[in-house]
Amino acid sequence: MHKPVMVVEDDMDIRSNFIAALKLEDYPVYSAVNGVEALRLLESLETSALPGCIIIDLMMPEMNGKEFIKKIKEHVNKDISSINLVVATAKGNSETQEPLPYEVERLQKPLGLDDLYDVVERLNRD
């Protein structure tokens with residue numbers, strides 16, 4: 001049984017595609033449209049139900065990906081602060097090149113299923 005994966009993406013089509021692809025590989029999936037919603041969801045979960053990794057878009061309303069990364073990595077709950085993070089950004093997007101507050105895995109959209117599965121399998125540890 002896989003640990004859950006969280007997808008934080010404001011674009012409904014991209015979010016739906018990520019969710020469908022992950023469910024095809026039997027990953028339980030949580031989703032949120034922005035960092036505020038994702039943080040609330042994470043804080044409501046029992047430790048055993050936390051995702052093994054979170055796939056994050058950088059450009060989102062309310063709380064962008066950079067702010068979300070900072071909140072997660074500095075979270076008082078060590079179980080939340082240790083979740084593996086993956087940033088998925090569009091090619092050619094200026095956000096893609098900007099430094100992030102912490103070292104995280106990066107993927108460029110559009111991404112192939114193999115790329116998605118490889119990073120989730122590697123980072124979504126039990």
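The values are calculated or read from the model by the stated rules, or taken from the named source; none is laboratory data. Since the structure is predicted, the reported quantities are computational estimates derived from the model, not experimental observations. All Cβ positions, even for glycine, are placed from backbone atoms using ideal geometry, and neighbour counts span all protein chains on display. Please note that ligands, DNA and RNA were not included when accessible areas were found on the heavy atoms of the full protein model with its side chains. Shrake-Rupley method; radii C 1.70, N 1.55, O 1.52, S 1.80 Å.
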Would you check which residues across the stretch 83-107 are open to solvent by less than 80 Å² (accessible area, probe 1.4 Å), over 13 Å from the mean Cα position of the chain (by Cα) and at pLDDT 70 or above and list them?
90
Select from the stretch 32-56 the residues that are touching a His at 6+ places or on another chain (Cβ under 9 Å) and not in a loop (DSSP other than H, G, I, E, B) and list them in ascending order.
39, 42, 43
Output the number of residues of the stretch 23-64 satisfying the condition of being surrounded by fewer than 15 Cβ atoms within 10 Å (Cβ to Cβ) and in contact (Cβ under 8 Å) with a residue 60 or more places away in the chain.
1
Exactly one of 5, 76 is at negative phi and surrounded by 21 or more Cβ atoms within 10 Å (Cβ to Cβ), and that residue is 5
